[in-house]
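Please read the structure below before turning to the comments.
The values are calculated or read from the model by the stated rules, or taken from the named source; none is laboratory data. Worth saying up front: this structure is predicted, and the values here are computed from it rather than measured. Because the Cβ atoms are built from the backbone with ideal geometry, glycine has one as well, and the counts that use them run over all protein chains shown.
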């Protein structure tokens, strides 16, 4: 039982370290109209409009923004999954 508690404590320490790494990781996604910066822990840090608002339709800008944010989130999910895969699992706990 003590070994399992020790394993859980070690896993928590590793997870905390990965969380810090993901918080510090900055990813960007952009197209011709929008640039989105997001952390590895999926916190959007900035949104930049790269187009002239007077020349772009509202619908196109909204679509570009949604697509760019979704792409940024997928990239951060991939980064998080790669970091978490390094943990492996919890030997002896069926995980």
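Just one of the listed residues (24, 72) is touching a residue at least 24 places away in the same chain (Cβ under 8 Å) and touching a strand residue (DSSP E or B) at 6+ places or on another chain (Cβ under 8 Å), and it is 72. Taking only pairs six or more apart or across chains, which ones have beta-carbon atoms under 9 Å, a first residue in the stretch 1-21 that is within 18 Å of residue 83 (Cα to Cα), and a second residue that is part of a helix (DSSP H, G or I) and modelled with pLDDT of 90 or more? Correct list of pairs: 18/80.
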